[in-house]
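Scroll down for the structure; my scribbles are underneath it.
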Amino acid sequence: MTVNSRNAFTPETRKVQLRVDAGGRWKAGAAPTIAPLRVNPTDTAKVSLKGISLQYKTGNGSRLLALDDINLKVSPGEFLCIVGPSGCGKSTLLHLIAGLHQPSMGTVLVDDHLVDGPGTDRILIFQELGLFPWLKVGENIEFGMKMKGVPKSERRERVQHHLRLVHLSKFKDSYIHQLSGGMRQRVALARALATEPDVLLMDEPFAALDAQTRDLLHDELERIWAETGCTIIFVTHNVREAIRLGDRVALLTFRPGRVKREYAVNLPRPRHLEDPSVALAAREILDDLREEINKSIAAEYEGVQA
Amino acid sequence: MKSVKKVGKHVIFYAALLGIWALLAKLKIWPSYVFPAPLGVLQSLRDGFADHSFWIGIGVSMKRIIVGYALSIVLGMVLGLGVASNKFLEETMGGLLVSLQSLPSICWLPLAVLWFGLTEKAILFVVVMGSLLSITIAMEDGRTQMPKIYRMAGRNLGASGLKLFWYVLLPASLPFILSGLKQGWAFAWRSLISGEMIFVSLGLGQLLMTGRDLNDMSLVIAVMILIVVIGFIVDGLIFRTLEKRLQYKWGLTSAT
């Protein structure tokens, strides 16, 4: 595991100050007031992946190694971004942490407990969201609590709270198809947060959104992260987005997915996608990423020809 | 405006139909016990309801269809989900189910009588066999067509076992199941009427046979009208409403 130490990156330093610049981009009242708890990464890990490999059979019967010996530690309250070309297994990795699949080799530990199935301490926000179209917005948010057996009165209260948190109070009784893409994202976020997870897993959640909506959701996500203090593992193919949000960025290689490099992002918050420092930092990672993207394009091209 | 026009069309159509019917009866080409006039049928309807025989027939038939259909749904669910979740069964039994569906439910009648005698059970058996296959196939389709994401999302949010089935898998696959449920109901209704014809069973099918025994064609047509109307009401009130609700929730209706 090598750590890039040029420019904005310093090896293994993850002390990020959360602050509001005077006249910064935070909306009034939306500024983070509580900084998440920062713990030295060597002490305890919230999530640790030890030697994770995943192999599966493809349609034509051949075996494909999707993930190969992934080792990662995520500290409590950390915001880790995972980037990589499409097909590097980054979504699969999140599914493993969520406990929806089992790795072929290696272990996933959360708070030093072995993950062997889904649990509401780790909630995954899927790329396609997976909101339930037969339920209203409020009922979607309530779902996880209902499964957990939270009493009805408390559920109602927490639904209200989370609706306010994502600014959707007026849409409690709407159905999912009546909402815009950005609003659906926020419902998914609220639904995940309502179960009060320690770890939030996000799979390219903002990939399909327009730029303005995405910027807004970046701000909101950062605020919610600061308020709840949860650990976030965020998968994206957008390097700038990773720098914008993450305390640390892990770059995966193309098939099989390995951790190619980790970068500590030591830029002050709040950041913005258009900040020159963000762009500069992104370029560092992009150079490494490009190599992997080329591999993925080549593989795709071969696939077409074959 | 549109609906007024639509109603108008219907009024004209049915008036013309009745007119032709009345005219043909008036011409007395066939004797009236073979081809009754509309008024005779109306009289039979009135008599049937007045002496409660129609009410009893409807009541008995409805009770049977509810029990039979409910049984079909439960069995179809078990069978369909079983078949869908097992690759071997899906490849082997899946084909058998589809080919068995081409068997008219009345074919089960001799078998039912031999097994259960001239009893309620025999009728129920025919009803269940009539609708079970379409419901099983519908459940199987629903299970395989349902987007996988809902299952994962449900598990992710802490649902498992029966809760996962009841709160996630079932509602998620309902749009794919509903047309099969509807078809199953139609088959159940037809099978019931034919099943009821076999012995003195008080149902609507039996009323048809009574009409035949008494050479009372108006009674036969009156009961036929009843059967059609009940089928129409159940389809319109229950299944259409369900369909519309689903379409609204899932956002499948075009903006009106």
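Figures for the structure shown
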quantity	calculated
Calculated from backbone phi, Karplus (6.51, -1.76, 1.60) coupling profile of the stretch A:131-143 in Hz, x at Gly/Pro	5, 8, x, 7, 10, 6, 3, x, 5, 4, 5, 6, 3
The stretch A:161-306, relative contact order [Cα under 8 Å, separation at least 6], %	17
Cα gyration tensor category, rounded, prolate or oblate, for the stretch B:45-250 with a/c compared to 1.5	prolate
Chain B - percent relative contact order, Cα under 8 Å, separation 6 or more	23
With every protein chain in place, the protein assembly as shown: carbon and sulfur % of accessible area (1.4 Å)	61
Translational diffusion coefficient (Stokes-Einstein; Kirkwood radius from C-alpha pairs) of the stretch B:98-150 at 25 °C, 0.890 mPa s, in µm²/s	196
Loss of accessible area when B meets A, both sides summed, Å² nearest 100, probe 1.4 Å	2100
Spacing of the two label points (7 Å from each Cα toward its C-beta) at A:ILE297 and B:SER102, in nm	5.4
Segment B:TRP21-B:ARG245, length gained on full extension (0.36 nm per residue, minus Cα span)	76.7 nm
Sum of side-chain charges, B:SER201 neighbourhood, beta-carbon under 13 Å (Lys, Arg +1; Asp, Glu -1)	+1
Peptide A:125-131, shielding by other chains (average Cβ, 10 Å cutoff)	4
Those residues of the stretch B:216-256 for which accessible area with every protein chain present is at least 40 Å² below the isolated value (1.4 Å probe)	B:TYR248, B:LYS249, B:TRP250
Accessible area in square angstrom per residue, the protein assembly as shown, 1.4 angstrom probe	50
By accessible area with a 1.4 Å probe, ligands and nucleic acids excluded, highest first: order of A:CYS88, B:CYS107	B:CYS107, A:CYS88
Average beta carbon contacts from partner chains per residue of A:116-123, 10 Å cutoff	3
Neighbouring partner chain Cβ atoms per residue of A:99-107, average, 10 Å criterion	1
Among A:SER174, A:LEU201, A:ILE123 - extreme Cα towards positive end, dipole of the stretch A:104-249, charges at beta-carbon	A:SER174
Quarter of Cα convex hull surface for the protein assembly as shown, i.e. mean projection, nm²	35.6
From phi via Karplus (6.51, -1.76, 1.60), per-residue ³J(HN,Hα) for the stretch B:235-243 in Hz, x at Gly/Pro	4, x, 7, 8, 6, 4, 4, 4, 4
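The values are calculated or read from the model by the stated rules, or taken from the named source; none is laboratory data. In this text, all values refer to a predicted model and were calculated from it rather than measured experimentally. Quick reminder, even Gly has a Cβ in these numbers, built from the backbone with ideal geometry, and neighbours come from all protein chains shown. Protein only, heavy atoms only, side chains kept; ligands, DNA and RNA dropped before computing areas. Shrake-Rupley method; radii C 1.70, N 1.55, O 1.52, S 1.80 Å.
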